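Heads up: the structure comes next, in structure tokens.
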Amino acid sequence: MTLSAPALRNDDFTAMRQAMVASQLRTTQVNDPRIVAAMAEVPRERFVPAHAAALAYVDRAVDLGQGRALNTPLATARLLVQARLQPSDRVLLIGAAAGYTAAVLASLVAEVVAVESLPALAAHARDALAGTPNVTLVEGPLEHGHPAGAPYDVLIVDGAIEELPSTLASQVVDGGRIVSGIVDRGVFRLAAGTHRGVATALTPFADIDSVRLPGFARPRSFTF
């Protein structure tokens, strides 16, 4: 029998959250205790549609509708670890979705500017993040970021992209950290790099699936 979301109690979600931490994070190089503690605390079920709450802690992407999905716990956690987050950091988060990663970041850094392009997801995020004073939700194209708030210490793209626009990378301070999912010739990986001057190179560090984000397709070359 399939358990419906309304039948789940807070204790059920707490148990699922603990199982996620034990089986998906601690066994896969998610070794920053601050990140583990934050993900053990944030109620992930608040950041998915009500009908999908029972799936909030599975080790796969959760459909959010309109072609978007919540990234897997492992992909998000590995990106956060690789970002080497500091309590004083200002973070630009691309792909806020319904607000989960912003909520995790809120307890780890000084300020989060989270960008989401879909109005329905942005509205959900605003409601779910109400009362989180160090998170600003910006609605707009993901690939544009939020230059009005630049510069940022860290850029986190919580999903897979084909190409990182220079206009987005330039919103990070010189020496700032960038982490993102990437699509490399059809293979999904997680990658990290440092912004230096006008150059930013992302180096893959793990072959882990990540949800694809819109707006970052590499321009297609013409063939004759």
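The values are calculated or read from the model by the stated rules, or taken from the named source; none is laboratory data. Remember, it's a predicted structure, so these values are computed and weren't measured experimentally. Virtual Cβ from ideal backbone geometry, glycine too; neighbours counted across all protein chains shown. Side chains included, ligands, DNA and RNA excluded: accessible areas come from the protein's heavy atoms. Shrake-Rupley method; radii C 1.70, N 1.55, O 1.52, S 1.80 Å.
Miscellaneous remarks
- In the set SER117, SER107, only one residue is at pLDDT 95 or above and out of contact with any strand residue (DSSP E or B) (no Cβ under 9 Å at 6 or more places or on another chain); that residue is SER107.
- Within segment 44-58, tally of residues that are among the aliphatic types (A, V, I, L, M) and outside any loop (DSSP other than H, G, I, E, B): 5
- The numbered conditions (1) in contact (Cβ under 8 Å) with a residue 60 or more places away in the chain; (2) open to solvent by 20 Å² or more (accessible area, probe 1.4 Å); (3) not hydroxyl-bearing (Ser, Thr, Tyr) are all true for LEU93 except (2).
- Residue check, GLU163 open to solvent by 10 Å² or more (accessible area, probe 1.4 Å), part of a loop (DSSP other than H, G, I, E, B) and at negative phi: yes
- Restricting attention to segment 200-214, the residues that are open to solvent by less than 50 Å² (accessible area, probe 1.4 Å), under 14 Å from GLY186 (Cβ atoms) and not small (Gly, Ala, Ser) add up to 0.
- Unmet requirement for ALA148, which otherwise passes all of (1) open to solvent by 50 Å² or more (accessible area, probe 1.4 Å); (2) touching a helix residue (DSSP H, G or I) at 6+ places or on another chain (Cβ under 7 Å); (3) in a helix (DSSP H, G or I): (2)
- For the residues ARG34, ARG9, ARG44, the requirement of being touching a helix residue (DSSP H, G or I) at 6+ places or on another chain (Cβ under 8 Å) and of a type in the set (Lys, Arg) singles out ARG44.
- Residue under evaluation ASP158, criteria (1) in contact with a Leu (Cβ under 6 Å, 6 or more places away or on another chain); (2) in a strand (DSSP E or B), criterion not met: (1)
- Residues that are among the polar types (S, T, N, Q) and out of contact with any Phe, Trp or Tyr (no Cβ under 8 Å at 6 or more places or on another chain) within segment 194-221 comprise THR194, THR200, THR203, SER221, listed in sequence order.
- Taking each residue of segment 140-151 that is under 19 Å from GLU162 (Cα atoms) and looking for partners that are surrounded by fewer than 18 Cβ atoms within 10 Å (Cβ to Cβ) with beta-carbon atoms closer than 6 Å, six or more apart or interchain, yields PRO141/GLY215; LEU142/GLY215; GLU143/PRO165; GLU143/GLY215.
One line per residue, one yes/no per condition, for (1) closer than 22 Å to ALA75 by Cβ; (2) open to solvent by 30 Å² or more (accessible area, probe 1.4 Å):
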position: THR136; (1), (2): no, yes
position: SER180; (1), (2): yes, no
position: ARG189; (1), (2): yes, yes
position: ALA192; (1), (2): yes, no
position: HIS195; (1), (2): yes, no
position: PHE216; (1), (2): yes, no
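- Test: residue in segment 45-55 that is without any contact (Cβ under 8 Å) to a residue 40 or more places away in the chain and among the small types (Gly, Ala, Ser): no
- Against the list (1) over 19 Å from ALA169 (Cα atoms); (2) in contact (Cβ under 8 Å) with a residue 40 or more places away in the chain, the condition ALA130 fails is (2).
- Tally, over segment 98-125, of residues that are among the polar types (S, T, N, Q) and either crowded, with 23+ Cβ neighbours inside 10 Å or free of Cβ contacts under 8 Å to residues at least 60 places away in the same chain (or both): 1
- Residues within segment 55-68 that are surrounded by fewer than 20 Cβ atoms within 10 Å (Cβ to Cβ) and of a type outside the set (D, E, K, R), tallied: 6
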